[in-house]
Structures are given as structure tokens and as C-alpha cells.
Amino acid sequence: MTNRNLSDEDYITTMYRLYLGREPDQGGMDYWLGKMQEGMTREDLNNGFADSQEFLGIVQSYGLQ
């Protein structure tokens with residue numbers, strides 16, 4: 001996923017859909033875009049979604065953790 005030719009906005013939207021099953025809210029989009037402008041890599045962003053409380057809540061709701 002990190003090597004696709006997506007804009008930062010499209011990449012972030014994809015992470016929201018993949019990890020959280022929803023579209024990004026404006027505050028979240030602004031937050032992640034800001035992090036990327038500060039130098040966060042796409043790999044780091046991916047890890048941020050994987051480690052987020054929202055995603056962990058989804059995982060737990062399925063009894064997977």
C-alpha cells in the first residue's frame with residue numbers, strides 16, 4: 001500500500017476505510033495531513049492507525065484481543 005501512487009489525502013482516506021471502516025472526518029484528515037507535512041512517513045501513518053484506540057476497540061468488539 002505504501003508504494004501506490006496516491007495523494008496524501010487519498011492515502012489517509014484509504015487508511016480510514018481499511019482500519020476504521022468509515023470516511024475520514026475533517027479534523028482527522030487535518031491531523032494526519034499535518035503529521036505528514038511534519039515528516040511522518042506513510043509507514044508511520046499506517047502504524048498510527050493500527051495502534052489507534054478506535055481500531056483496537058473494533059478488534060476487541062470482535063473478540064480478537
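Annotations for the structure displayed:
- Among residues of the range 39-54, those that are outside any helix (DSSP H, G or I) and loosely packed, with under 12 Cβ neighbours inside 10 Å, counted: 3
- Tally, over the range 10-38, of residues that are in a helix (DSSP H, G or I) and among the charged types (D, E, K, R): 4
Every number here is computed from the coordinates shown, using simple stated rules; none is lab data. Remember, predicted model here, so these are calculated numbers, not experimental data. Positions of Cβ are generated from backbone atoms using ideal geometry, with glycine treated the same way; all protein chains shown enter the neighbour counts.
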